[in-house]
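Worksheet: the structure to be examined is printed underneath.
The values are calculated or read from the model by the stated rules, or taken from the named source; none is laboratory data. No experiment lies behind these values; they were computed from the predicted model shown. Neighbour counts run over all protein chains shown; Cβ positions are idealised from the backbone, glycine included.
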Amino acid sequence: MADPGVPAAVQRADPEERRRRPDPVPHGSQPATRKRQTVVNNFSTAPVTTSSVNTFETGAMLTHVSAKAALAVGLARIGGGATAVDCAPLTQFDSSALAVLLAWQRAATARGTPLSIVNLPAGLSSLAQAYGVDTLLSARH
């Protein structure tokens, strides 16, 4: 059953050898599983700076992993009268940080007090600009 259009050197003599390539993981064995990285949420232990404007600080990380806890902590502090958040400690963030900051601002506005965002990292400011929400943030650099 040789194909006349394919050179004999390319064709295999045994049609059984034309099957798929061998499985790189033999049947019955499991590939090594990766261990999950434990992420420590440092936001709940972020220091509260007491000053004339009642400011609280973010933690060093505000990503999708820590956003839910960060949101709850920030809302509690805003409920306690905080009027500003200092983002100076923030070194690791993603778009979730923007969502949290906007939620904090909405909560503060609902209480009748605007929330000032101070020391917003340049990278997070660029991200806000890319998403078109930079005008919604009341941030000072």
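Key figures
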| quantity | calculated |
| --- | --- |
| Selection count where residues are under 18 Å from SER125 (Cα atoms), in contact with a helix residue (DSSP H, G or I) (Cβ under 6 Å, 6 or more places away or on another chain) and either crowded, with 21+ Cβ neighbours inside 10 Å or free of Cβ contacts under 8 Å to residues at least 12 places away in the same chain (or both), scope segment 50-66 | 2 |
| Close pairs (7 angstrom Cβ cut-off, 6 or more residues apart or separate chains): on the phi > 0 side of the Ramachandran plot in segment 80-101, at pLDDT below 95 anywhere | GLY81/ASN54 |
| When residues of segment 84-123 are limited to those that are of a type in the set (Val, Ile, Thr) and crowded, with 16+ Cβ neighbours inside 10 Å, the one nearest to THR63 (Cα to Cα) | VAL100 |
